[in-house]
Amino acid sequence: MALGTALGAKLKELFPSEVVNKRLSLTQEVARLPRFISEYVIKDVCGDKPDPKALALLAKFVNRFYPEPKERDRVLNELINKGEYTLLDEFKVTVDPKRGIRRVKIPSLGVNDAMILPSILEEHKALLEAGMWGTATLKYQPPESQGEEQEQTPIQIVKFSPLQYSNISLEEYKRRREEFSTEEWIDVLMNSLGMNPAVYSERAKLLYISRLIPLVEENVNFVEFGPRATGKSFLFRNISYYVRLYSGGHISPAVLFFHGTFRTIGDIGVRDCVVFDEVSRIRFQNPDEIVGKLKDFMESGEYERGALRRARSGCSLVYMGNIEVQGPMPVEDYSTVMPECMRDSAFIDRLHGFIPGWELPKIEQSEVHLSQGYGFITDYFCEIMHELRKESYQYRISDKVRLHADGGKVTIRDQKSILRTTSGLLKLLYPHGKFDDEALKLCLDLAVEYRQRIHNWLCQVSPGEFERKRLGYDIS
C-alpha cells in the first residue's frame, strides 16, 4: 500500500483519528522511542505531513523530554537546581505495605524508589500494574524536608499525563472492518506493523501477522525459529507495552513469577505476552524451578511461588531463536536452538504452534521492506489487540470443525492448540466476527500446520513416545 493509494485513502476516511503516516516513523527524530510511543507523538506533533518545521518540533520534544542515558546527571542536576523537571518515560509503581510507601521506577534516570502523589495513582491505576508511558512532572524535595523516617530518593511525581491511546471503541473498529475485503485488511495490518506488504507473498503476510496471535488470544504458546533480520525482535519490541521481551541474559523466578521480598507480581502475571528472544542465550538462575513452573503455567494458565498461591494469568509465551538456513529450509536441529532445560518432549508438547520464520524475507533496506503508507497508530492497535483478548471464537470453531489424525489420535493438546491458534487468527483478520467457511479454512490450515510442525518435532525428540500422524479437519 503505497502512500496516497486508494486503500490508504479509504483507511484514512474510515479511521481518520487512528492512522498515521508510517513513513514518519522512520525519521531519526523518534528512533530512540518505542514505536507505540513515537507514533503517538508523531500524530500529535506532525499530523500526516513530514513538514520540516513539524519535524524540528518533534526533535525538540524528544530531546527535551526523553534524555539519553549519558544525560542522566545533567537532568538530575537541573532537577535539583530548578526544583522541577518534566520527563517522558515508562513509569512503574510498586507498593511496600510494611513501610506504607510507594516506589516509582524511572528507568532513564536509574531511579527505582521515587515518590508519587496518591491522587495520581487513583486516576492512573495502570501505573500499579504493568506500568505506563507518559510525561511526568518531577519535583525535587530536599532531604531535610522529608523527615527522619523517609527512606526514598527525594524525587516526587506531582503530575502525570499518559502517552497512551484512550477511549477506544472496539465495536467501532469491528464495524469499520466490514468495509474492507480480506486482502485489503491483510495489507492494512502489514502496514500497521510497519512492513511494506508489496514485498511479501500472500503466505508470508499470513506468517508475519500470525506472530500477533499471542497478543490477541490468551495462553497461547508459540515458538519461532528463523534467520536473523526477519523482524522477530523488531515486532515484539515495538508493537505493544503489554509485551515483555527478554533478549538473552539471566532471568530469575522473581522477575517472571513473584518476588517474595517485595511481594510483587512478575511479568507473567501482569503482561499479555512474555517473549524469550534469542532463547538459546537465556540463562535461568534456577532452571529446574523456572522450567517446572513454565510447564505448569503453559498447561494450566496458573502458577504459584512462595507466598503466592495459585495465581491465574492469560499471559501468552513466545520463544524465538536464530537458526541456520540453507536455501529455503533450516539445516540445524530445532532442539539445539533451545536451552538444554527446554529440550524435553514434555516442554515441547505444551507449545501450541511453530512459526517457520525461515520463510520470511530478511529486512535489509528500509525504503523497500518498511512501510511507506498509512496504518494504524501502533498505540491504538495495541489497545485494540488487548481488548480482543477478552473475546474468543473457540466455541464457534468447535461447533463447525471436527479434527482428525491419519495414523494416530488427536490429543487434547492438539485440539487446544488448533482451537486457540485459529481463534487468534480469526480475531486478527475478522474481528467483526463475520467469516465464511473459506475464511475459516484459511485460518485452520495455518493452525493445523503450526501444530503439525510441533508434533513432527516431538517425533524426532521422543520417537518411542510419539508416532507419526497427519493432523486434519472437516468443516460441517
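Ranked by how many other Cβ atoms sit within 10 Å of their own Cβ, fewest first, the residues Arg309, Arg237, Arg32 fall in the order Arg309, Arg32, Arg237. You can think of it this way: the chain between Glu438 and Thr137 has 103.0 nm of extra reach, that is 0.36 nm per residue less the Cα-Cα gap. Spin-label model, Gln415 to Glu364: label points 7 Å out along the Cα-to-beta-carbon direction sit 4.7 nm apart. Across the stretch 69-162, how many lysine pairs, 8 or more apart or on two chains, come within less than 24 Å at their alpha-carbon atoms? The result is 18. Footprinting exposure proxy ranking of Cys341, Cys382, fewest other C-beta atoms within 10 angstrom first, gives Cys341, Cys382.
Could you give P(r) for the stretch 69-162, binned at 5 Å from zero, as whole percent values over all Cα-Cα pairs? For the stretch 69-162, the pair-distance distribution reads 3, 13, 26, 28, 18, 11, 2.
For the chain, complete DSSP H runs whose alpha carbons reach 27 Å or more along their own long axis and whose mean Kyte-Doolittle score is -1.0 or higher are 437-461.
For the stretch 152-220, the list of GluC sites (Glu not before Pro) that fall in a loop by DSSP and count at most 15 other C-beta atoms within 10 angstrom reads Glu178, Glu179.
The loop-placed GluC sites (Glu not before Pro) in the stretch 93-162, going by DSSP, that have at most 12 neighbouring Cβ atoms within 10 Å of their Cβ come out as Glu148, Glu149, Glu151. Tell me the mean residue ellipticity at 222 nm calculated for the chain from its helices only (DSSP H runs of n ≥ 4, each -39500 (n - 2.57), averaged over every residue, nearest 500). Rounded to the nearest 500, the figure is -11000 deg cm²/dmol. Applying the criteria of a DSSP loop state and at most 10 other Cβ atoms within 10 Å to the trypsin sites (Lys or Arg not before Pro) of the stretch 238-282 yields no site.
With the simple model of a label 7 Å out from the Cα in the direction of the Cβ, Ser181 to Arg283 spans 5.4 nm. Note on Tyr395 and Asp333: the extension gain reaches 18.7 nm, defined as 0.36 nm multiplied by sequence separation minus the Cα-Cα distance. From the residues Leu57, Pro34, Val45, which one has its Cα farthest along the dipole of the stretch 29-111 in the positive direction, the dipole being from +1 and -1 charges on Cβ of Lys/Arg and Asp/Glu about the Cα centre? Most positive-ward Cα: Pro34.
Over all other residues within a Cβ to Cβ distance under 11 Å of Glu324, the charged ones net out to -1, with Lys and Arg as +1 and Asp and Glu as -1.
The order of Val41, Val274, going from fewest to most other C-beta atoms within 10 Å of their C-beta, is Val41, Val274. Pull out a ≥ b ≥ c, the square roots of the eigenvalues of the alpha-carbon gyration tensor of the stretch 181-277, then state rounded if a/c is under 1.5, prolate if not and a/b is larger than b/c, and oblate in the remaining case. The shape class here is prolate. Overall size of the stretch 306-435 from C-alpha positions, given as principal axis extents largest first: 46, 46, 41 Å. Each peptide in 286-293, 77-84, 90-97 gets a packing score, the mean of other Cβ atoms within 10 Å over its residues, and the list from highest to lowest is 90-97, 286-293, 77-84. Just to confirm a number: summing +1 for Lys and Arg and -1 for Asp and Glu over residues other than Leu128 whose beta-carbon lies under 9 angstrom from that of Leu128, what do you get? Summing Lys/Arg as +1 and Asp/Glu as -1 gives +2.
A short reminder: the numbers here are calculations on the coordinates, not readings from a lab. Bear in mind that the values here come from a model prediction, so they are computed numbers and not experimental data. Positions of Cβ are generated from backbone atoms using ideal geometry, with glycine treated the same way; all protein chains shown enter the neighbour counts.
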